[in-house]
1. Could you grab me the full set of residues in segment 32-46 that are closer than 15 Å to Phe19 by Cβ and within 16 Å of the chain's Cα centre (by Cα)?
2. Looking only at segment 157-176, which residues are assigned to a helix (DSSP H, G or I), touching a strand residue (DSSP E or B) at 6+ places or on another chain (Cβ under 8 Å) and open to solvent by 10 Å² or more (accessible area, probe 1.4 Å)?
3. Please identify the pairs in which a residue from segment 53-78 that is under 19 Å from Ile193 (Cα atoms) has its Cβ atom under 9 Å from the Cβ atom of a residue that is of a type in the set (Asp, Glu) and open to solvent by 80 Å² or more (accessible area, probe 1.4 Å), counting only partners at least 6 apart or on another chain.
4. Restrict the check to segment 64-74 and report whether at least one residue is open to solvent by less than 10 Å² (accessible area, probe 1.4 Å) and within 18 Å of Thr205 (Cβ to Cβ).
5. Here are some residues: Ile104, Ile111, Ile91, Ile86. Which one is out of contact with any His (no Cβ under 8 Å at 6 or more places or on another chain), without any contact (Cβ under 8 Å) to a residue 24 or more places away in the chain and among the hydrophobic types (A, V, I, L, M, F, W, C)?
6. Could you give me the residue pairs with C-beta distances under 8 Å whose first residue belongs to segment 30-46 and is over 23 Å from Pro167 (Cα atoms), whose second residue is assigned to a strand (DSSP E or B) wherever it lies, and which are 6+ apart or on separate chains?
7. Among residues belonging to segment 133-150 that are part of a loop (DSSP other than H, G, I, E, B) and at pLDDT 95 or above, point out the one that is most open to solvent (accessible area, probe 1.4 Å).
8. With the requirement that a residue be of a type in the set (A, V, I, L, M) and assigned to a helix (DSSP H, G or I), what does segment 178-212 give you?
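The values are calculated or read from the model by the stated rules, or taken from the named source; none is laboratory data. Remember, predicted model here, so these are calculated numbers, not experimental data. Note: ideal-geometry Cβ built from the backbone for every residue, glycine included; neighbour counts use all protein chains shown. With ligands, DNA and RNA removed, areas are computed over all heavy atoms of the protein, side chains included. Shrake-Rupley method; radii C 1.70, N 1.55, O 1.52, S 1.80 Å.
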Amino acid sequence: MQFNKKALQIYLVAGTQNFAGSDAEFVNHIEQALSNGVTAFQYREKGPGSLTGQRKIEMGKKLRKITTKHHVPLIVDDDVNLANEINADGIHVGQSDESVQKIIHDNPNLIVGLSISTESELEYSKPLIGINYLGIGPIFPTISKADAKPPIGINGLVQLQNQVSLPVVAIGGINTSNCQSIYQASKAGIAVISVIMDSKNVKETIDELERK
């Protein structure tokens, strides 16, 4: 799967815990998003109410089928074994997750994304060879992650992005009301959860999220 900056334009992050309906309805909701403009999908099955074990694997396989159908990269959050089990395109890791360098070394064919939110984390990431993109944030306050760090704001995003040559996706509290402010200040793509997963009209929501 080819991966470039365009893949980060509208990057959906979600697991079943982010959706109020059944597992089948969750898959259908994700497919609606993929068919209406989402450019990358991260399967993040984590937190209260999330799937585990074989159910998580089976859901991953279903998501692999629809991401392949729509030619959208499938990234798995912080689970290399799952990524390999379902033949995902990539893995996304945070600062406290498994060693990024080990993941890159052991899985040379996987796209690797890394989360950063501070200058010190950015300095740590610079020598790492093999990272394909950075997730920077949270930009705004968010309730989607119980362990979310303090928001860095748009100025923080721009300050960090200007120091790297890698593609960047902004994450954290992004919605249809504030996405254009990110576009005006930065070339970063946007990663979203609630704004799409809670939407009653996915196409309309994604249209509002697109860069104007």
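1. Those that are closer than 15 Å to Phe19 by Cβ and within 16 Å of the chain's Cα centre (by Cα): Ala33, Leu34, Val38, Phe41, Gln42, Tyr43, Arg44, Glu45, Lys46.
2. Gln161
3. Partner pairs satisfying both residue conditions: Gly60/Glu85; Asp78/Glu98.
4. yes
5. Ile91
6. Pairs that qualify, where the first residue is over 23 Å from Pro167 (Cα atoms) and the partner is assigned to a strand (DSSP E or B), are Ile30/Leu12; Ile30/Ala14; Ile30/Phe41; Glu45/Asp77; Lys46/Asp77.
7. Phe140
8. Of everything in segment 178-212, those that are of a type in the set (A, V, I, L, M) and assigned to a helix (DSSP H, G or I) turn out to be Ile182, Ala185, Val195, Ile196, Met197, Val202, Ile206, Leu209.
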